[in-house]
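Only one structure is covered here, and it is reproduced in the block below.
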Amino acid sequence: MAEAVLSRGYSQVDEESKPPRTYKDVEWAFAFVAHLVGVVAIAAAFLPELLARSRAGATDDADASANATADASATDPQVVAALNHALSLSLPFVGVGIAVGLAWAVVWITIVQAFAKQLIYVSLFAPPVFFGLTALSLVGSGAIMPALLVAMLGGFFLFYALWILRHPWRVQFAQLCLTTVSAVIKKYPGTYMAAFASIVPATVYHLGLFAAFTSTYSYYSTRAETITHVDEQGHVYKGKDIGFAGKALMAFLALSLYWSAQVINNVVHVTNSGVVATWYFMQHNMPASPTAGSLRRALSTSFGSICLGSLLVALVQLLRNAVENAKRNSGESPIAMVILCCVSCFVGILEWLLELFNHWAFVQVAIYGKDFKTAAKDTMQLVKSKGLDGLVNMNLTGAAVGLGATIGALLTGGVVALASYHPLLSPAAQDSGLSDSAKSVYTIAFALVIVVSVLLAIFFASMVSSTVTSGTTTLFVCFAEDPAALQASNRELHDRFEQITAEYLAEHPYDGPMPSTNGHPAGPPVAQHMYGSGGPPHAYAVPARGNVA
């Protein structure tokens, strides 16, 4: 009976037992929205005064600015002409950089799918080779101690690479994850399109936050008391104390910056994880637009959970910011510097651990629609049973796809440099009458065009890489918790995973919780969350998790 049901996959629907999709951690979604309203209110309260002061200042300084501009033009009018000319020449090549960067980001998915194993090995041995060569160059220059430190770091990466080679199944598993997820992303390009689309709300938010931040600081700084500090050497430092209210509002805006950035990134992560999970459980019954459905869940039923998890990381980031400010203001006290450096290191590690934990917990949110507390609890159980394997797999796949940013940067920078070299540098070379200052304008424009293009290429490739990383983590969690579901939806892929991991999974069975609804096993809640009230509540019988031998 079980085999018969398994063969049908997720195609059987029981209309009477489908529970409606429920909203989780709603209070934190309201808290996030309320804090955005607070940012808007702050900007509305203080921005009019800043604008009025700016208009008044512009009027008062109009003649002085005009005279200064006239003097600068009279001194070297060629510089002004060179600036305008260089700008008009540079913009098309920035467009070339954008086009090449975007094209590379899309092509990179195909490259990852075709050469996953080779990329994994390159990412394994590139760090020890790089640090080894760096250590040799430092020894040649006589810097022995830095060379030893770099050599030790390279030795660590070499040890890790050799350890991976002793367990070739890890590379095989990571390779299969990469090729599978890359194929899913190519089939559903809405995944990385969602990542690119996140730029729009991020830009709008940052513009609003900038207005709130500058207007708030301007309001309180004009009313602040001037304070003077004299250090032990007699140096005098002056500053302004904006008071408790000003500091509280600035801290709130800083928290808003961190919180909103985390929320936007995690919405994209949950969206991509939801698409891969939908594919994992329902390959033969996929919705028409899985990305849109996953995004809708991330912005509705799971949004509160995303806001809660993101807030935890944002609070740690705010603490790290406070520690860094304390370090800058600690003076020359060696004891204070040592203590603050230790605290800064601890907070930095805590931030990294929280971000890593959230990355895995939000996969649980995306797959099962859990609240954040339950997702965190189940993630801890998964970490206890397969934490090392998940971390190693994430490292192997993440490092492999991360090569795309480096290669894309070199490719885009090279293309833009070759394309812009003659148009941007020939005016300075051909016109012997140009001043040195005017000639330097073209040189600076040439360098800036390359730098901007490289940064954009890194950004685009990182967007795609983060999509793949979300997918590989989701695939790992799905297979670790529910391998039988893959057997139902894609028996061939399931057998390939089993061939690689059967021995290890037999030694390390997963003992985590197995969600159920109406007496049905793990598959139904997943299907219900993926489809909501319109999805299949049960479709197959699965054995206990971990019993996949």
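Every read-out reported here was derived from the displayed coordinates using simple, explicitly stated rules and does not represent laboratory data. Here the structure is a predicted model, which is why all the values come from computation and not from measurement. Cβ coordinates were reconstructed from backbone atoms using ideal geometry, including for glycine residues, and neighbour counts include every protein chain displayed.
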Completion exercise
Bounding extents of the stretch 394-500 in its principal axis frame from Cα atoms, largest first in Å, are 77, 19, 19
Handout entry: Over 25 Å between alpha carbons, listed pairs K117/K186; K247/K327; K186/K370; K117/K187
Key = K186/K370
Exercise for the section: Determine the shape class of the stretch 139-271: with a ≥ b ≥ c the square roots of the Cα gyration tensor eigenvalues, call it rounded for a/c under 1.5, and otherwise prolate if a/b is greater than b/c, oblate otherwise. Expected result: oblate
Completion exercise
Rounded to whole angstrom, the alpha-carbon centroid of the stretch 268-344 lies from that of the stretch 476-495 at a distance of 28
Practice task
Name the long-range amide H neighbours of K240: under 5 Å, sequence gap of 5 or more, or other chain; modelled H, no Pro or chain starts.
Solution key: I227
Practice task
Along Cα→Cβ, 7 Å out, is where each label goes; now give me the distance between the ones at A99 and V338 in nm to one decimal.
Solution key: 5.9
Practice task
At q = 0.12, 0.13, 0.15, 0.22 Å⁻¹, what is the base-10 log of I(q)/I(0) for the stretch 265-384 according to the Debye formula with one equal point scatterer per Cα and no solvent? Please give it to two decimals.
Solution key: -0.54, -0.60, -0.72, -1.12
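Pairs of alpha-carbon atoms within less than 8 angstrom and 6+ residues apart define the contacts here; what relative contact order does the stretch 178-301 have, in percent?
Values: 86 pairs, mean separation 35.0, N = 124.
For the stretch 178-301, the relative contact order is 28 percent.
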Handout entry: Candidate lysines for bridging to K240, where Cα separation is under 18 Å - those fewer than 8 sequence places away on the same chain excluded
Key = none
Practice task
Obtain the nm distance between the two label points defined at H35 and K117 by a simple spin-label model: each point lies 7 Å from its Cα along the Cα-to-C-beta direction.
Solution key: 4.7
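Length gain on complete extension for the stretch W352 to F459, per 0.36 nm per residue less the alpha carbon to alpha carbon distance? The partial results should precede the final answer.
On the way: separation 107, 0.36 × 107 = 38.52 nm, distance 2.06 nm.
Stretched fully, the W352-F459 segment lengthens by 36.5 nm.
Stokes-Einstein diffusion coefficient for the stretch 276-347 at 10 °C in a medium of 1.306 mPa s, Rh from the Kirkwood formula over Cα pairs: what value in µm²/s? Let's see the in-between values first.
Working: Rh = 15.8 Å.
Translational D for this selection: 100 µm²/s.
Quote the relative contact order of the stretch 328-387 in percent (integer), defining contacts as alpha-carbon pairs under 8 Å separated by 6+ residues. Provide the component values of the computation, followed by the final result.
Details: 20 pairs, mean separation 12.9, N = 60.
About 22 percent, as a whole number.
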Practice task
Can you figure out the FRET efficiency of A248 with H422, using R₀ = 51 Å and their beta-carbon distance, to the nearest 0.05?
Solution key: 0.35
Handout entry: In order through the stretch 458-474: 3J(HN,Hα) via Karplus (6.51 cos²θ - 1.76 cosθ + 1.60), integer Hz, x for Gly, Pro
Key = 4, 5, 5, 5, 5, 4, 5, 4, 5, 5, 5, 4, 4, x, 5, 5, 5
